[in-house]
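In what follows, a single structure is set out as structure tokens and then discussed.
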Amino acid sequence: DVLEPTLCPLCRDMRRWASGNDLTLYRASCDLCNKEMISMYRPDSPYTVYCNTCWWSDKWDSLRFGRDYDFSRSFFDQFKDLQLRVPRMATSTFDCESSPYVNNCGGMKNCYMCTSCGYSEDSFHLMWGVHDKDCADCFRAVSNELCYELINTNGSYTSAWLYQCEGMTGSYFCYDCRNCDRCIFSSNLRNTSLHIFNKPVSEKDYATFVQTLRSAEKIKEYKQIWRRTMEQGMHKHLSLHNCEDVIGDNVSNSVNSYALFDSEGCENVRYSRFMFNSTRDCMDISAHGDGCELSYEGYGLGTDGVNRCFFTRQCCQGCDSVFYSDLCFNAHDLFGCICLRNASFCILNKKYTEQEYCDLKQRIVTHMKETGEWGEYFPGSLSPFGYNESSAMLYCPLSKDEALQRGYSWNDDMPETKGKETISWGAVPDNIEDSDEGVTSQIFACEKCTRNYKIIKQEWRLLKRLGLPLPRHCPLCRHAERISLRNPAQFWHRQCMCDHTGHDHTGRCSVEFETTYMPERPEQVFCESCYQSEVV
């Protein structure tokens, strides 16, 4: 019983991502215990922020901030007032060990600068990684070990620079390869070994190439070759695995879904990203849909399943029948609440009886329909973050003027330094074998944006173990580079480009489809049938 959307799917997605923060972290002090902490909220923000230990403790009660609903004011204005009063948690984490610099993560151990990840160990600069061990600089990588720079890759070992691969060992710079061993600069291979540029090579030729990976200058050259290798490979119009009646990309084990991206195990889901574990009957959910059901317009839903959550931000762990609420856990029947745990029948953090709650909720819905607020996700003005701090800057980048014009705020004082480098790249050994752990005490300047960054000891040890050079770009530029290789979450209507003989067509294939490859791109994009005929 909500109104139809007033924004297109892309703008709705942008609005949701703008309400969260994945990568921007600050050093701050807890507003309860005064201890130093790592926070996703800048120190001068107007919000009360507690360290996670204090926030989860019994030292405070979020119900004491409850207030009556004022029908002379808009709902969003009243919600903003409550936002400024109720304490927020510094980072969205749970069950993490020796991993203070992670956000939106759970079950992490000895990890650094990871976001939206779970149950990984000794890993660094991961985004959307699960069950990874000794991995670094990866995006949407699952169950990998001793790997570097993976994108949409699962179940691989001692490999680097792989995109859309699975079950790889000792492989580098490959695209769309599965269950391969010691393959380099190859695309569309299945169950093979010792190939370079899709051609068989000797073990000696393979070993010779691996030695060149120690050079940073060589890696720059190889990345350009890798891009050309990917362009020349065959591309399926949509990356779907074990799906039925699905139009989406990077989706597996799902049915009857549309505009679904980077998801697994979904049914009847539309216009959503990063949904997992039996999510059903949902629409417009961005991120962490873990076992959700019957939910609409949400950001960061999960874990442990949520049901009937509408217009919510990070309401998790079994929330049910929650409306227009933020950071609530194990709660049900809430409306306009912030940071409630194990609560029920509350409006603006005030407790009611079940009948009082139902009556007042219906009056508020009527009021919000009159003000034009009902059916809309939180506007940009209610985001706790500037647009350039938020996750939206990764997936839907805007300039400052564009963001302000759309009603978002902007942070002109981002946590970065420039000009503080203590060593030039010319003084750093090109070969990883010639460097020592002392390099971790240095401050570097990104060769792309000049932003300063450091390499921690554990990261250096992992690179040394893999025999790979120190990264010459800062973490943010490395994230942006990985995301730039991925297709956008948009569709174009196109015709199959296959004109190969031996398929079920004469001349060019006539099949038309929706694809995430825009027409101007150089790749050869095939329908499912032509792709399977060539690759499998």
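The values are calculated or read from the model by the stated rules, or taken from the named source; none is laboratory data. This structure is a prediction, so every number in the text was calculated from the model and none was measured. Methodologically, a virtual Cβ is constructed for each residue, glycine included, from the backbone with ideal geometry; neighbour enumeration extends over all protein chains shown. Only protein heavy atoms, including side chains, enter the accessible area calculation; ligands, DNA and RNA are left aside. Shrake-Rupley method; radii C 1.70, N 1.55, O 1.52, S 1.80 Å.
With respect to the conditions (1) open to solvent by 30 Å² or more (accessible area, probe 1.4 Å); (2) closer than 30 Å to L468 by Cα; (3) of a type in the set (V, I, T), I247 falls short on a single one, namely (2). Only residues that are open to solvent by 30 Å² or more (accessible area, probe 1.4 Å) and within 26 Å of the chain's Cα centre (by Cα) were counted in segment 168-194, giving 3.
Just one of the listed residues (R478, R482, R465) is farther than 30 Å from E231 by Cα and part of a helix (DSSP H, G or I), namely R465.
Contact map, segment 355-371: first residue among the hydrophobic types (A, V, I, L, M, F, W, C), second residue exposed (fewer than 11 other Cβ atoms within 10 Å of the Cβ) and modelled with pLDDT under 95, Cβ cut-off under 9 Å, separation 6 or more or different chains; pairs are V365/D1.
What number of residues in segment 498-522 are among the polar types (S, T, N, Q) and under 26 Å from the mean Cα position of the chain (by Cα)? Of the residues in segment 498-522, 2 are among the polar types (S, T, N, Q) and under 26 Å from the mean Cα position of the chain (by Cα). Scanning segment 365-400 for residues that are farther than 15 Å from T312 by Cβ, of a type in the set (S, T, N, Q) and outside any helix (DSSP H, G or I) returns N388, S390, S391, S399. P87 fulfils the conditions (1) at pLDDT below 95; (2) surrounded by 17 or more Cβ atoms within 10 Å (Cβ to Cβ); (3) more than 26 Å from G289 (Cβ to Cβ); (4) not charged (D, E, K, R) except for a single criterion, (1). Evaluation of T501 against the conditions (1) touching a Lys or Arg at 6+ places or on another chain (Cβ under 9 Å); (2) open to solvent by 30 Å² or more (accessible area, probe 1.4 Å) shows that the sole unmet condition is (1). Within segment 347-364, restricting attention to residues that are in a strand (DSSP E or B) and either small (G, A, S) or out of contact with any Ser or Thr (no Cβ under 9 Å at 6 or more places or on another chain) (or both), which residue is surrounded by the fewest Cβ atoms within 10 Å (Cβ to Cβ)? Among those residues, the one meeting the criterion is K350. Condition check for R280 on (1) touching a residue at least 60 places away in the same chain (Cβ under 8 Å); (2) in contact with an Asp or Glu (Cβ under 9 Å, 6 or more places away or on another chain): one failure, at (1).
Within the option set S156, S120, being touching a Leu at 6+ places or on another chain (Cβ under 7 Å), within 24 Å of K218 (Cα to Cα) and at pLDDT 95 or above holds for one residue only, S156. S99 - would you say it is of a type in the set (S, T, N, Q) and out of contact with any helix residue (DSSP H, G or I) (no Cβ under 6 Å at 6 or more places or on another chain)? Spelling it out, S99 is indeed of a type in the set (S, T, N, Q) and out of contact with any helix residue (DSSP H, G or I) (no Cβ under 6 Å at 6 or more places or on another chain). The set of residues in segment 267-283 that are within 16 Å of the chain's Cα centre (by Cα), open to solvent by 50 Å² or more (accessible area, probe 1.4 Å) and over 15 Å from N253 (Cα atoms) contains only Y271.
Against the conditions (1) modelled with pLDDT under 95; (2) in a strand (DSSP E or B), F173 satisfies every one except (1). Total residues in segment 284-302 satisfying the condition of being outside any strand (DSSP E or B) and open to solvent by less than 40 Å² (accessible area, probe 1.4 Å): the figure is 6.
Out of S99, S72, S57, which single residue is assigned to a loop (DSSP other than H, G, I, E, B) and either buried (at least 17 other Cβ atoms within 10 Å of the Cβ) or among the basic types (K, R) (or both)?
Of S99, S72, S57, the one residue that is assigned to a loop (DSSP other than H, G, I, E, B) and either buried (at least 17 other Cβ atoms within 10 Å of the Cβ) or among the basic types (K, R) (or both) is S99.
Does A403 count as part of a helix (DSSP H, G or I) and either over 26 Å from the mean Cα position of the chain (by Cα) or modelled with pLDDT of 95 or more (or both)?
yes
Table: residues versus (1) aliphatic (A, V, I, L, M); (2) touching a Pro at 6+ places or on another chain (Cβ under 8 Å); (3) open to solvent by less than 60 Å² (accessible area, probe 1.4 Å).
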| residue | (1), (2), (3) |
| --- | --- |
| P379 | no, no, yes |
| Y387 | no, no, yes |
| S391 | no, no, yes |
| P397 | no, no, no |
| A403 | yes, no, yes |
| R406 | no, no, no |
| S409 | no, no, yes |
| D412 | no, no, no |
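Of all residues in segment 103-127, those satisfying the criterion of being crowded, with 23+ Cβ neighbours inside 10 Å, assigned to a loop (DSSP other than H, G, I, E, B) and touching a Ser or Thr at 6+ places or on another chain (Cβ under 6 Å) are N104, M108, C111. Picking from residues in segment 195-204 that are under 23 Å from Q232 (Cα atoms) and more than 33 Å from the chain's Cα centre (by Cα), the one that is least open to solvent (accessible area, probe 1.4 Å) is V201. Number of residues in segment 498-533 that are touching a Leu at 6+ places or on another chain (Cβ under 9 Å) and either among the β-branched types (V, I, T) or in a helix (DSSP H, G or I) (or both) equals 3. Scanning segment 303-319 for residues that are in contact (Cβ under 8 Å) with a residue 24 or more places away in the chain, part of a strand (DSSP E or B) and not basic (K, R) returns F310, F311, C316. For first residues located in segment 501-516 and at positive phi, partners that are in a loop (DSSP other than H, G, I, E, B) and surrounded by fewer than 17 Cβ atoms within 10 Å (Cβ to Cβ) and lie 6+ apart or on another chain with Cβ distances below 8 Å form the pairs G507/D499.
Condition check for I423 on (1) outside any helix (DSSP H, G or I); (2) open to solvent by less than 20 Å² (accessible area, probe 1.4 Å); (3) more than 26 Å from A28 (Cβ to Cβ): one failure, at (2).
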